[in-house]
1. For a quick check: with amide H placed at 1.01 Å from N, whose amide H comes under 5 Å from A:GLU131's, ignoring anything fewer than 5 positions away on the same chain?
2. Which longest uninterrupted range of chain A lacks any GluC sites (Glu not before Pro) assigned by DSSP to a loop state (not H, G, I, E or B) and surrounded by at most 10 other Cβ atoms within 10 Å?
3. How big is the Rg/Rh ratio for segment A:54-151, C-alpha atoms only, Rh by Kirkwood, two decimals?
4. What number in nm² do you get for segment B:24-258 if you take the convex hull of its Cα atoms and divide its surface by four?
5. Write out the chymotrypsin sites (Phe, Trp or Tyr not before Pro) in segment B:254-323 meeting two conditions: DSSP loop, and at most 14 other Cβ atoms within 10 Å of their Cβ.
6. List, in order, the whole-Hz ³J(HN,Hα) value for each residue of segment A:22-35 obtained from phi through the Karplus relation with A = 6.51, B = -1.76, C = 1.60 and θ = phi - 60°; use x for Gly and Pro.
7. Once phi is turned into θ = phi - 60°, what whole-Hz ³J(HN,Hα) does the Karplus curve with 6.51, -1.76 and 1.60 give for every residue of segment B:302-312, x standing for Gly and Pro?
8. What's the lysine pair count for chain B at a Cα cut-off below 27 Å, pairs eight or more apart or interchain?
Amino acid sequence: MAVRDEAYEREDIKGVSLPRRAFLKLSLTASGLLMSWGIFRFLSYQQQSENPVRLTLQEPMAYPPDSVTPVPQLKAWILRDEAGLYALSALCTHLGCTVGETETSFECPCHGSRFNLHGATLQGPASKPLEHLDLSLSTDNKVVLDSSKKVPASQRLNPF
Amino acid sequence: MFKRPSFVHHLHPPTIPAREARFRYTFGLGGISIFLCAVLLITGALELFYYVPTAAEANASLQTITLLVPYGRLVRSIHFWSAQILVVTSLLHMGRVVFTGSYKPPRRFNWLLGLGLLVLVLLFDFSGYVLRWDMDIAWALLVGTNLLKSIPLIGEGFYGLVVGGSEISSPTVGRFYGWHVYALPLVTIILLGWHIFKVRRDGGISHSARNPQSKTRISRDELVNRELTALLVTSVLLLAIAALLPPHLGAKMDLRGISAEASAPWFFLWIQQLLRLGSPFTMGVLLPVAVLTILVVIPYLIDRSSDGVGEWFNRRGRAAQVVLIGVSGLVLVLTLFGVLQ
């Protein structure tokens, strides 16, 4: 037989919608949830990154046709094809390792993904192509790379 | 007057059946694991006095411990090797429990506590590697934390909590430090105390209900003697390994360059191999969680019987034994592939 809570039987609180035990349970649960939320918020402060996202590089002529130039500070590569200059992010789209360059492709040392020089996936496990990053020209005719801006794969900078 | 036994006396009753204290039954694996935890707690506390949890100084402070502090190399080496051996003894302990049917009622809940402790051991080991803040762990840390991002809905928030920013940087060391030296030990001490308390509460180390004629018991003194012998042998081996094979410490972590040969710590090599095979979430999160889930449900779904307890490879536990062999075989093969690459 279940133990009956005497509080439910008492005349003076009959009809009260929230007896003491239920009230305590509710307030404990609520304060527990509130505390968890507080701890979550406390831990979620994020320091601003000090690493730059935008760099002014060299003049366009410093990148000859079919060249592949690393920009290690921004984890990117500057490349040039017939249509002009473009920048590829060096971050593997699988799990973010930095890809290295081989003769005709970029290769991720972590899990073996490979990409061609236009960033398209040659071999998994990465399923997405490397990201193309924004290139522009500064007023003094230097190439500016902004790694925070993604651009379509077809976009080229052609000041030649 | 009846006196309640103290915690130590609870763990060491006046007498226990001789057959459950046999070395060839338990191999002393649980006891050795607890001893290693104690060694880790002490050597870890010593390292705390010199370790600096910032990206700029973490690696250098470990160099200080290793090269300048008297006996620092040995303390660090003992800490490292205890942690490595603990992974092995925990896993073997789990194997012993499955193959002797010790997960069956009334020990089902203690099986879960044990699995919780196993997860904690792996988290401890990984965060310990991260605290080295060297190139050996750099890419594994990057991959491991990016893996969190692949979890739907909560992934990004979870990543922020673990890494302490939008990318791996100084706050990351602080976070892993906090977990490694405070939060994880706190949880572990509670779970471990509960785990060994439950061993006695559930009727002692599992033993067969058959052969009731063997009634020999050993005394508390004999039990303590055997424990001390096991600890002595473990200490000598541990000291020898630690003195002869000091752990490596790579150059300071720097994630700006091109990834070099990224290799997960050995106990996560199987996950690294899985990651080569498909989408990060499926291979790196769902599959490992599935492996853990299979272990969790062993006494609840795979083998619900309560006979055959304490019998090596008992018939009723066949399914559970096959499942464990299958899962560990898979993990072992993947690990071997990882080692050979």
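1. A:SER89
2. Details: sites that count: A:GLU50, A:GLU82, A:GLU103.
So the longest stretch without any such site is A:104-160.
3. On the way: Rg = 13.1 Å, Rh = 13.5 Å.
Rounded to two decimals, Rg over Rh is 0.97.
4. Numbers: hull surface 61.9 nm².
Across all orientations, segment B:24-258 yields a mean hull projection of 15.5 nm².
5. Details: sites: B:TRP266, B:PHE267, B:PHE268, B:TRP270, B:PHE281, B:TYR300, B:TRP312, B:PHE313; in loops: B:TRP312, B:PHE313.
For chymotrypsin sites (Phe, Trp or Tyr not before Pro) across segment B:254-323 that sit outside H, G, I, E and B with at most 14 neighbouring Cβ atoms in 10 Å, the list reads B:TRP312, B:PHE313.
6. For segment A:22-35, the Karplus curve yields 5, 4, 5, 4, 4, 6, 5, 4, 5, 5, x, 5, 4, 5 Hz.
7. 6, 9, 8, 6, 10, 10, x, 4, x, 10, 4
8. 6
The values are calculated or read from the model by the stated rules, or taken from the named source; none is laboratory data. Note that the structure is predicted; figures quoted are calculated from it, not measured. Please note: Cβ atoms are built from the backbone with ideal geometry, for glycine as well, and neighbour counts cover all protein chains shown. With ligands, DNA and RNA removed, areas are computed over all heavy atoms of the protein, side chains included. Shrake-Rupley method; radii C 1.70, N 1.55, O 1.52, S 1.80 Å.
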